[in-house]
Structures are given as structure tokens and as C-alpha cells.
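The values are calculated or read from the model by the stated rules, or taken from the named source; none is laboratory data. All of these numbers come straight from a predicted model, not from anything done at the bench. Every residue, glycine among them, receives a Cβ derived from its backbone with ideal geometry; neighbour counts consider all protein chains shown.
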């Protein structure tokens, strides 16, 4: 008589591979090997989800297509997360993103000239054309009060 082989998964779990399953219970997601939980995270904890699934992919436990099929996430997201895991490890998912410093384009002489033109009453598009700076960049600097607001003239 054939004998049942492990792993067998509990009711309500979804099989990722024949060896690994996932189960959601009370707002927590459990990853199971048979009946044994190997990892868990909150249902809305996207960083932990991406970190653990990337670890599974990098270790060769699952394939990218298994994660895409099981969780319905885009393949490109899975690829980006796996690349992040390979390059920075688990801590890469929990470090704050590096943001560019504001005002990189508008500094020094360019900023002074933009300020002068705006104070003379030139419009933002005119200043943009004159200096070769994007209109959007000038508007951001005005909103951040790094440049004077444009004075509207009524004729």
C-alpha cells in the first residue's frame, strides 16, 4: 500500500511548490514546509514579503514564476526585488530610499539669473527658455520658496 509522503499542507493553504505553501490567518501570512512555519509577516508588510520571496528565489527554493503564479504579482517586481536581495541582502528592503537633494539644477549663477529674471517680471516659461531649465524645475523652486513667486501683472 502506498504511503503518504511529507510535506502535507494544512487546509486553507496555497501550494507554492510541492515542498512549500503559504497560508493567511488573522492578518498574518505564514510560509509552511509541511505543517512547520518557516517565516511569517503581517499581511500588509510588503517589504517583508518581497524580502522573503526574494530570498526563496535566490536560494533556489522557488522560481520567479512560482511567486508570480501564486501571489499574482508582476514579474518585473519579482525580478527587481530579487536583484535588490542579491545586491544588498535583506537589509536592502528596510533601508530608507536615497533621495536627490533639492535644487541641484538651480544653484550658483543659474539660480541668481533665474531670480533676477523673475523679479524683473519675466514669466516662468520665458525664464525656462532663457536658462535652459525645465519649467517644472522652476515651479518646484518657487513652491519651495527658493525662488521668488511670479508677480502677475494685470493689464
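Some points to look at:
- The residues of the range 32-46 that are outside any strand (DSSP E or B) and more than 16 Å from residue 93 (Cα to Cα), listed by number, are 34, 35, 43.
- Checked across the range 30-51, the condition of being surrounded by 13 or more Cβ atoms within 10 Å (Cβ to Cβ), more than 27 Å from the chain's Cα centre (by Cα) and under 30 Å from residue 148 (Cα atoms) holds for no residue.
- Under the condition of being modelled with pLDDT of 90 or more and either surrounded by 12 or more Cβ atoms within 10 Å (Cβ to Cβ) or in a loop (DSSP other than H, G, I, E, B) (or both), the residues counted in the range 89-110 number 6.
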